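Below is one structure, written out as structure tokens, with a few remarks after it.
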Amino acid sequence: MSDKVAISQDEINRQYERLKRQAEAGGYYLNPDAKFTMELVKGLLVNERRYGYQACPCRLAAGDRDEDMDIICPCYYRDADVSQYGACY
Amino acid sequence: MALEHVSGRNMGRVVLYALSTCPWCNKTKQLLKDLGVDHYYENVDLLRAEDREQVMKTVEKWNPACSFPTLVINDNKCIVGFKEDEIREALKA
């Protein structure tokens, strides 16, 4: 498996804006540390290319959509993490 | 299986299990580099399935939640997550 997935800054920016709108519509906010969040967004896009869906960049995906259903962003653990830590990642 | 080696000050065998896509893992890699500690890291998501399974058995032994980053110091201490203060304390000169 290669990590040489080229994601352009333009794609990252577009996805960032999309997620920001979705998050805010649902009453969530993206991490204000934009540099960090951009890295997360890039991870989501890498996983989309790699697996065909946006698995959480901080959890190990199995590579099978059914098996990974719980970790596709926004994942099943988001609300519990937000309650416990004030953020998911 | 390809553990990446980063040379530095010897503090025993320091191994970081990470994901190439995870910013917290990247912060941990950077911290280890900044501390100048000799260490190894493995991007578990980039391994072939059979190697990944093998490595995850080791990760699970230290961190049953199998979350990332998992840092194992000298085969006797495990720090899960980017806990900067704890990592600095464990690896101070």
Can you compute the FRET efficiency between residue B:33 and residue A:9 using 1/(1 + (r/R0)^6), with r the Cβ-Cβ distance and R0 = 22 Å? Round to the nearest 0.05.
0.35
Could you pull out every Cys in chain A that lacks a partner Cys with its beta carbon under 4.7 Å away?
A:56, A:73, A:75, A:88
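Given Cα pairs under 8 Å that are at least 6 residues apart, what percent is the relative contact order of chain A? It would help to have the intermediate numbers written out before the result.
Details: 69 pairs, mean separation 15.8, N = 89.
Worked out over chain A, it gives 18 percent.
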Would you mind checking the pairs B:27/B:57; A:20/B:57; A:42/B:92; B:29/B:57; A:20/B:33 and listing those with alpha carbons more than 29 angstrom apart?
A:20/B:57; A:42/B:92; A:20/B:33
In chain B, which cysteines lack any other cysteine Cβ under 4.7 Å from their own?
B:66, B:78
Just the number, please: percent antiparallel of the DSSP beta bridges in the protein assembly as shown, rounded to the nearest 5.
70 percent
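Using 0.36 nm per residue of separation minus the Cα-Cα distance, give me the extension gain between residue A:67 and residue A:35 in nm, one decimal. Mind dumping the intermediate values first?
Values: separation 32, 0.36 × 32 = 11.52 nm, distance 3.04 nm.
Full-extension gain reported as 8.5 nm.
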I want to check the label-to-label distance for residue A:28 and residue A:84. Put each point 7 Å from Cα in the C-beta direction and report it in nm to one decimal.
1.6 nm
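Is it possible to state the helix-based mean residue ellipticity at 222 nm for chain B, with each DSSP H run of 4+ residues giving -39500 (n - 2.57), the sum divided by total residues, to the nearest 500 deg cm²/dmol? What is it? Walk me through the numbers on the way to the answer.
Values: 3 runs with 34 residues, N = 93.
About -11000 deg cm²/dmol.
If you count the DSSP beta bridges with both ends in the range B:1-51, what percent of them are antiparallel, to the nearest 5?
40 percent
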When the Karplus curve 6.51 cos²θ - 1.76 cosθ + 1.60 is applied with θ = phi - 60°, which whole-Hz ³J(HN,Hα) does each residue of the range A:64-72 get, with x for Gly and Pro?
10, 4, 4, 5, 8, 3, 6, 10, 7
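Taking every pair of Cα atoms in the protein assembly as shown, average 1/r, invert it to obtain the Kirkwood radius, and report Rg/Rh to two decimals.
Details: Rg = 16.6 Å, Rh = 17.2 Å.
Rg divided by Rh gives 0.97.
Stokes-Einstein D for chain B at 10 °C, 1.306 mPa s, Kirkwood Rh over Cα pairs, in µm²/s? Before the final figure, lay out each step's value.
Values: Rh = 13.1 Å.
Reported coefficient: 122 µm²/s.
Give the average over all directions of the projected area of the C-alpha convex hull of chain A, one decimal, in nm². Mind showing how you got there, number by number?
Values: hull surface 23.6 nm².
Its Cα hull, projected and averaged over all orientations, spans 5.9 nm².
Just so you know, all these numbers are worked out from the coordinates, no wet-lab data involved. Here the structure is a predicted model, which is why all the values come from computation and not from measurement. Note that each Cβ is placed from the backbone with ideal geometry, even for glycine, and that neighbours are counted across all protein chains shown.
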